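Everything on this sheet refers to the single structure shown next.
Where a number appears in this text, it was derived from the coordinates with a stated rule and is not lab data. Predicted, not measured: the structure shown is a model, and the values here were computed from it. With ideal geometry, Cβ positions are generated from the backbone for all residues, glycine too; neighbour counts draw on all protein chains shown.
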Amino acid sequence: MTTSGEIDWADLLQQATEAATHAYAPYSDFPVGAAGLTDDGRIVIGCNVENASYGLGLCAECGMVSHLHQSGGGRLVAMVAANPEGDKLAPCGRCRQLLHEAGGGSLLVDTESGARPLRELLVDAFGPEDLDARKV
Ligand code: THU
């Protein structure tokens with residue numbers, strides 16, 4: 001975050017791009033990095049980690065959310081995923097749900113079409129409050 005409290009999107013993209021260089025993606029050959037800004041100003045990062053049992057691969061966003069909790073918790077307020085060339089990538093559907101738990105609908109996700117609140121990318125999301133409201 002800048003001193004004025006604005007989100008430094010260029011720095012976030014740079015951190016995601018750098019994180020992507022650490023990906024373990026020998027099966028897809030599609031390295032991904034993710035970087036997020038927390039509500040107390042920390043940067044958390046992750047990279048995708050694949051597995052010989054293909055379906056067990058972990059997206060970069062999974063590592064980033066693990067880093068969020070490992071480094072003190074809190075909420076994500078902004079994030080971006082990118083390849084090692086610095087191209088922004090759209091989080092997959094499963095990761096949108098993961099991001100919703102960690103940042104909610106107001107989490108800003110940088111995309112090729114600009115920074116968008118997660119509620120636009122995951123419409124009518126199912127979340128923790130639904131468990132309380134709908135439990136039988
Ligand atoms: N991948 C991510 O890490 N994040 C996404 O949101 C999209 C996909 C990874 C999963 C897999 O290791 C590779 O990219 C190809 O799908």
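Among the candidates 65, 44, single out the residue that is β-branched (Val, Ile, Thr), within 14 Å of the ligand (Cβ to nearest atom) and out of contact with any Pro (no Cβ under 6 Å at 6 or more places or on another chain).
65
Condition first: part of a strand (DSSP E or B), touching a residue at least 60 places away in the same chain (Cβ under 8 Å) and of a type in the set (Gly, Ala, Ser). Now tell me which residues in region 95-136 satisfy that.
Passing the criteria: only 115.
How many residues does region 28-47 hold that are free of Cβ contacts under 8 Å to residues at least 40 places away in the same chain and of a type outside the set (A, V, I, L, M)?
8
How many residues does region 63-88 hold that are farther than 9 Å from residue 34 by Cα and outside any loop (DSSP other than H, G, I, E, B)?
Adding up the residues that qualify gives 10.
Which residue, of 50, 85, is out of contact with any helix residue (DSSP H, G or I) (no Cβ under 7 Å at 6 or more places or on another chain), in contact (Cβ under 8 Å) with a residue 24 or more places away in the chain and away from the ligand (no atom under 13 Å from the Cβ)?
Answer to the selection: 85.
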